[in-house]
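**Student:** Below are the structure tokens for one structure; questions will follow.
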Amino acid sequence: MMKNFFFCCSCIGVLLSLAFTAEAGRYAGGVPINIDQNVSFNFNIASQGTRTATVWYNNDIAIAIEGANASTYDRATMEKVVALMAASKASFEDFTGLRNLPLNGNYRGLPTIQVPKDNNGYGGLAAHGIFGLSVGSGLFNPFYERIKSGNISIDQVWLYEMNRNYYKSGSNGWNAWIDWACDGNNSNYGYWTVGFNNAAAFWIVDDLGVELHYFGKYYDQFRADHKKDYDKYLSNSSYNFDNVWAKSRLAWRSGTINTLMSATLLEMYDNFGGKPFVQRLYQQLDNNPRLSNRFDHQTARDNWYRAVSRASRKDQSDYFENTLRWAISSGAKATIKRELGNSDGGDDSGVIVQAEDATLYGLFKVGNDSTASAGQYIHSEYVGNYYDTNIEANRAELLFSVPQSGLYALKATTYAPNTAADSFYIEVNDGPRQIWDINNASYYEEMDVNYRNEASEVTIDISAGQHKITVYVREDGARLDRFRLVRIGDGNGGTDDGSGGGGDTDQPSTITVEAETAELYGAFRVGTDSAASAGRYIDSIHQGNYYEGAAINANRAEFTVTATGAGRYQLKGTVYAPESSADSFWIKVNGGDLHLWDTHNKAIYQEMDVNSRGVSEIVEVDLRAGQNTITVYVREDGTRLDQLRLIPIGGDSGGGDPVPDPDPETNLLQNGDFESGNTAGWVPGYSATTAVTTSAYTGNYALSSTNRTEWYHGPKQVVTNTLTVGKTYQLSAWVRMVSGTSSKIESRLLTQDGNGHTWTKLGQVSGSTQWQEITAEFTVTATGSLRQAELYFFGPHAGSEFIVDDVVLTEK
């Protein structure tokens, strides 16, 4: 391998063909193109420098060919070539979920494929995580001639190298979760990358509906070569992970282990769900514990097992342990059993409500897709709009009946064609309308219905009989396939409207403000970008300057926000950093402190907690009921602000005298000391891994929280049936960091009543590796009935790990 670019000698001259039998493919023939001649183009990928070229391009992709002119290649054929390359790129984006990659060389700002006369001696060249590939004219010309003759086939080299572009690499690349070093050599690493490169060629051509070309072999022949290695491994029961998978060379021939990896991926593709399985697999690769080092074989095996099980929606322990002969840990199997149960992959329990049975109004319409439940879904045509006025005009009303009153979990199967089409509005019966963020996945996947900033998992308490769910267009293009209601317990009389929010106007509620609505002064300006919320953002021209002191006042954006109720709010912002010298603002709320806000250093729009450098990782502010002012100042020019959100977080921390050691029999919590040796009663709050650990404060076991990607990720216990409105309780818990320090570890109570959800801070300590006690005294209040109550522990910064032990809740 080279340092920056990667090649495969076997790619040279690779030709494959596929007799494709799918109903229809992504490639649909030629597209209109532009041709620019005598262009000075830098063929940087093959280190050929600036050469004279002709470029064929459309709005999606460009192909730059050294030494060619407009007459060198037939226009009609090049229309097909450009269309095929654009379709290949779109297919990779669809499978991996990776879009808007940085460009490794470009023409007119377009993703560009480079065709130099001399490709530095390699069949193909490309880098990871950045779009751009280079293939020499010696491979391009035969490819062109096949297309011209009517043989619509693509060389494996194009897809092999393009997969490198769409493979996460670096310190946060997928290999940090799934790959391992072979032969006991730390540098003998990265074989899963090549495994995906080859496997992707098959599923991409399946998606395109064209033939594959590889050294004169056809698709079936090339796949048969891979299957031979897979069958050879299975046929010898002495082969296992240690003597085959942990080696770089195959035990039965001189080939490398990546061939077996490719073959295994193809077996999974064939048997575990095709394209939807692969799409889900990509999303699960890094949704696991990170490997401690390149020899952490057990965690790597466990991560593959968890990822494949989740992607196939079935516990695959039998496949991994008995077919592949990999040792899987009991902890990993327990995780999957907890997540998937004993399901065979089916999820048709409960009450099913097909979306196409709805009464549709306005923009909503029925679409057909064989991969959707019952073959149909509902959506509005995607044009890139979102709606916050006249919402009632575009709605879908779904009537359904449940045979028994009770508490139901509300689940839905959805599909998001892109990141600008991944939300609806929703209301249950005649309850408040809520924003529902669907999974950002371009395949049909069931999810828990959520209410933005209110509830990550919506449950509704309803009576037996008929009810109504109304869904409204928010971002056009989002698809709804079906709802599923699963009864999870007895309710409180079946009177819930599933509100999860709303309430009287004197109660604090989440405030969302688009950046472009600010009053702008000095260097601030409004920019347009379809990837930004509402298509716009604010920034200042990037010139490499930064501002401090009195100079900041001239360049500011003033927001007027209205709070429905006085209280404490957490401040969040959606930002975009074009480079490392443009990743900070100054920010102030009302007449409060001026905070130096370090934004994330990513060229994507992503929400984050507003912070104050050297003071706090999270900025919390007190707002008065009515109008408030937020002022953002330029610090490093070029930094973009898309949106601000203020989220109510309840009252001040609890306090009082330290809680005395309680009688263990009075503890109202389940498994508060964790001496059961399991996590019974405790589940992840939002996204994190909750597991028992032997690093205990007392006894043998405690609870650890790992794989935390946000500060508010940590364990929780549902205490709805434990607490009584009007009664006072005492909480005690011992906590510590696994390593390092944090500004805090805290406990909060999340309750839901007639006014919606409320966060109440209970207590906190500064995080260190020494055990510290969190204590709090609190009285439960509610408007109407207490519908839900959950006790949370969280607080340390994202990526850190902490431990909880001896959690005791008693009635005072």
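**Student:** What about Gly384, is it in a loop (DSSP other than H, G, I, E, B) and on the phi > 0 side of the Ramachandran plot?
**Tutor:** Taking the combined requirement at face value, the residue satisfies it.
**Student:** If you scan the range 292-329, which residues turn out to be in a helix (DSSP H, G or I), aliphatic (A, V, I, L, M) and under 21 Å from Asp183 (Cβ atoms)? If you could, list the steps in order and put the result at the bottom.
**Tutor:** We begin by selecting, within the range 292-329, every residue in a helix (DSSP H, G or I); these are 297-312, 317-323.
From what's left, aliphatic (A, V, I, L, M): 300, 307-308, 311.
Matches in the range 292-329: Ala300 only.
**Student:** Something else now. Give Ile65, Ile113, Ile45, Ile61 a once-over and let me know the one that is modelled with pLDDT under 95, crowded, with 22+ Cβ neighbours inside 10 Å and assigned by TED's automatic domain parsing to the domain that holds Asp155.
**Tutor:** Ile45
**Student:** Identify the residue in the range 137-176 that is assigned to a helix (DSSP H, G or I) and of a type in the set (Phe, Trp, Tyr) and, among all such residues, is nearest to the chain's Cα centre (by Cα).
**Tutor:** Selected residue: Tyr160.
**Student:** Here is a follow-up. Out of the residues in the range 701-722 that are more than 24 Å from Lys744 (Cβ to Cβ) and at pLDDT 85 or above, which is farthest from the chain's Cα centre (by Cα)?
**Tutor:** Thr722
**Student:** Moving on. Asp642 fails exactly one of the following numbered conditions: (1) in a strand (DSSP E or B); (2) among the acidic types (Asp, Glu); (3) surrounded by fewer than 21 Cβ atoms within 10 Å (Cβ to Cβ). What is the number of that condition?
**Tutor:** Result: Asp642 fails condition (3) only.
**Student:** Another question about this same structure. Just checking: which of the strands (runs of 3 or more DSSP E) contained wholly in the range 529-601 hold 1 or more residues that are over 16 Å from Thr512 (Cβ atoms) and among the aromatic types (Phe, Trp, Tyr)?
**Tutor:** Numbers: elements: 536-539, 556-563, 567-576, 584-589, 595-598.
Fully inside the range 529-601 and qualifying: 567-576, 584-589, 595-598.
**Student:** Can you tell me which condition Asp673 does not meet? The list is (1) more than 18 Å from Ser456 (Cβ to Cβ); (2) exposed (fewer than 15 other Cβ atoms within 10 Å of the Cβ), and all the others hold.
**Tutor:** Only one criterion is unmet by Asp673, namely (2).
**Student:** While we're on this one: Please verify whether the range 612-621 includes one or more residues that are modelled with pLDDT of 85 or more, outside the structural domain of Asn545 (by TED's automatic domain parsing) and surrounded by 20 or more Cβ atoms within 10 Å (Cβ to Cβ).
**Tutor:** No, the range 612-621 has no match at all.
**Student:** Then there is this: Among the residues of the range 458-517 satisfying the criterion of being hydroxyl-bearing (Ser, Thr, Tyr) and at pLDDT below 75, which is surrounded by the most Cβ atoms within 10 Å (Cβ to Cβ)? Quick ask: steps written out before the conclusion?
**Tutor:** Let us first name the residues in the range 458-517 that are hydroxyl-bearing (Ser, Thr, Tyr), namely 459, 463, 470, 472, 495, 499, 505, 509-510, 512, 517.
So of that shortlist, the ones also at pLDDT below 75 come out as 495, 499, 505, 509.
Details: Thr495: 14, Ser499: 27, Thr505: 9, Ser509: 22.
Going through the qualifying residues, I end up with Ser499.
**Student:** Please pick out the residue among Ser800, Ser785, Ser766 that is part of a strand (DSSP E or B) and in the same structural domain as Gly672 (by TED's automatic domain parsing).
**Tutor:** Ser766
**Student:** Follow-up. Do we find that Arg338 is out of contact with any helix residue (DSSP H, G or I) (no Cβ under 8 Å at 6 or more places or on another chain), among the basic types (Lys, Arg) and at pLDDT 90 or above in this structure?
**Tutor:** Numbers: out of contact with any helix residue (DSSP H, G or I) (no Cβ under 8 Å at 6 or more places or on another chain): yes; among the basic types (Lys, Arg): yes; at pLDDT 90 or above: no.
In short, no.
**Student:** Would you call Asn322 more than 25 Å from Val683 (Cβ to Cβ), at pLDDT below 90, out of contact with any Lys or Arg (no Cβ under 6 Å at 6 or more places or on another chain) and surrounded by fewer than 15 Cβ atoms within 10 Å (Cβ to Cβ)?
**Tutor:** no
**Student:** Go through (1) within 26 Å of Ser330 (Cβ to Cβ); (2) under 30 Å from the mean Cα position of the chain (by Cα) for Tyr239 and report which single condition fails.
**Tutor:** (2)
**Student:** May I pose another question? Starting from residues that are over 25 Å from the mean Cα position of the chain (by Cα) and of a type in the set (S, T, N, Q), keep the ones in the range 242-263 and report whichever is surrounded by the fewest Cβ atoms within 10 Å (Cβ to Cβ).
**Tutor:** Result: Ser254.
**Student:** Okay, moving on. Restricting the range 518-552 to residues that are of a type in the set (Val, Ile, Thr) and crowded, with 16+ Cβ neighbours inside 10 Å, which is farthest from Ser580 (Cα to Cα)?
**Tutor:** Let us first name the residues in the range 518-552 that are of a type in the set (Val, Ile, Thr), namely 526, 528, 538, 541, 552.
Now narrow it down to the ones that are crowded, with 16+ Cβ neighbours inside 10 Å: 538, 552.
Details: Ile538: 18, Ile552: 20 Å.
The extreme case among them is Ile552.
**Student:** Here are the criteria: (1) out of contact with any helix residue (DSSP H, G or I) (no Cβ under 7 Å at 6 or more places or on another chain); (2) without any contact (Cβ under 8 Å) to a residue 60 or more places away in the chain. Tell me which single one Asp220 does not satisfy.
**Tutor:** Among (1) out of contact with any helix residue (DSSP H, G or I) (no Cβ under 7 Å at 6 or more places or on another chain); (2) without any contact (Cβ under 8 Å) to a residue 60 or more places away in the chain, Asp220 violates only (2).
**Student:** Taking Ser540 as the residue in question, decide whether it is out of contact with any Leu (no Cβ under 7 Å at 6 or more places or on another chain) and at pLDDT below 85.
**Tutor:** Numbers: out of contact with any Leu (no Cβ under 7 Å at 6 or more places or on another chain): yes; at pLDDT below 85: no.
It is false that Ser540 is out of contact with any Leu (no Cβ under 7 Å at 6 or more places or on another chain) and at pLDDT below 85.
**Student:** Restricting to the range 757-775, and then to whatever is within 27 Å of the chain's Cα centre (by Cα) and not hydroxyl-bearing (Ser, Thr, Tyr), can you tell me which residue is nearest to Ala798 (Cα to Cα)? Show your work before the answer.
**Tutor:** Restricting attention to the range 757-775, the residues satisfying the condition of being within 27 Å of the chain's Cα centre (by Cα) are 757-759.
Okay, now just the ones that are also not hydroxyl-bearing (Ser, Thr, Tyr), so 757, 759.
Working: His757: 24, Trp759: 20 Å.
Out of the qualifying residues, it is Trp759.
The values are calculated or read from the model by the stated rules, or taken from the named source; none is laboratory data. Every value quoted in this text rests on a predicted model; they were computed, and no experiment measured them. Backbone-built Cβ (ideal geometry, glycine too); neighbour counts: all protein chains shown.
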